[in-house]
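The values are calculated or read from the model by the stated rules, or taken from the named source; none is laboratory data. It should be emphasised that the depicted structure is a prediction, and the values quoted were computed from it without experimental measurement. Cβ atoms come from the backbone with ideal geometry, glycine included; neighbour counts cover every protein chain shown. In case anyone asks, the SASA skips ligands and DNA or RNA and just uses the protein heavy atoms, side chains included. Shrake-Rupley method; radii C 1.70, N 1.55, O 1.52, S 1.80 Å.
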Amino acid sequence: MPSPSIIPDSTLAAISSLLQETAKTPKPLTVEQLLIRERNVLRTMLRNGHSHDDIALVFVHNQLTVSGQTVEAVLARLGKKKGVKTKQGDTLAEEALTVSHDAAGAIAAEWKRLSTIRKGLTRQELVAAMQDDIQAALEVGYTYADIAALLTTKGIKIAASSLQRYHRVAKQPANASESPKALNTKPSGDESETQTAQPPSSRPAPSRFKSPTNLLDEEFIND
């Protein structure tokens, strides 16, 4: 009787054939594994204004029912983010769903495409878009701190100093249209009339002793 530690040659051939057949099909991933593998792309999506629901929607388009809550739970564990509480029964079933190799490739490609698209405005762009509303609030006595606190109630966290800086920058293009140089070089009506009324060639040469008539002429020219 052969020793149990010795593997027959026939078994070796069968195992080799099984592995070769298995290698023809890539191993499917779970939803959790795919989220972990693509975590850098997903973080870029979030930074560009996409939500966890936007990420989950790509699963749905590929016939997989995955919620934004599941996406958030997995990414929160990766980032060790505190304060995100999820019950195991709420997300574990979805995290364990199998994603075929082809579906995983399609989902990852769509995430990568979406990661290059910004969704929404930056804080500075938001302030620029609301500059008239902000100015109106300032003119009736509200401060930048008051407005910043109001924005916080809508989920937009911004320091009062940043709000003030962004608002001033947003107003600059309108103020820059009339520069001091442009104002100083613009001829006045009196200067224009003086130039047309008396060309330089017809002006009398200045004399050493100024008569009242010469003084009046000089004042007219200088005006």
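Is it true that some residue in region 180-201 is among the hydrophobic types (A, V, I, L, M, F, W, C), exposed (fewer than 13 other Cβ atoms within 10 Å of the Cβ) and modelled with pLDDT of 50 or more?
Taking every residue of region 180-201 in turn, none turns out to be among the hydrophobic types (A, V, I, L, M, F, W, C), exposed (fewer than 13 other Cβ atoms within 10 Å of the Cβ) and modelled with pLDDT of 50 or more.
Of the conditions (1) part of a loop (DSSP other than H, G, I, E, B); (2) at pLDDT below 95; (3) in contact with a Phe, Trp or Tyr (Cβ under 7 Å, 6 or more places away or on another chain), V66 satisfies every one except a single condition; which number is it?
Unmet condition: (2).
Given the options K112, K119, K154, name the one that is within 30 Å of V60 (Cα to Cα) and surrounded by fewer than 11 Cβ atoms within 10 Å (Cβ to Cβ).
K154
Can you work out which of the residues in region 38-56 that are among the small types (G, A, S) and outside any helix (DSSP H, G or I) is nearest to G68 (Cα to Cα)?
Per the stated criteria, the residue is S51.
Looking at this structure, is E32 open to solvent by 60 Å² or more (accessible area, probe 1.4 Å), at pLDDT 95 or above and under 28 Å from the mean Cα position of the chain (by Cα)?
Details: open to solvent by 60 Å² or more (accessible area, probe 1.4 Å): yes; at pLDDT 95 or above: yes; under 28 Å from the mean Cα position of the chain (by Cα): yes.
Yes.
Out of the residues in region 35-62 that are under 18 Å from G120 (Cα atoms) and among the small types (G, A, S), which is surrounded by the fewest Cβ atoms within 10 Å (Cβ to Cβ)?
This residue is G49.
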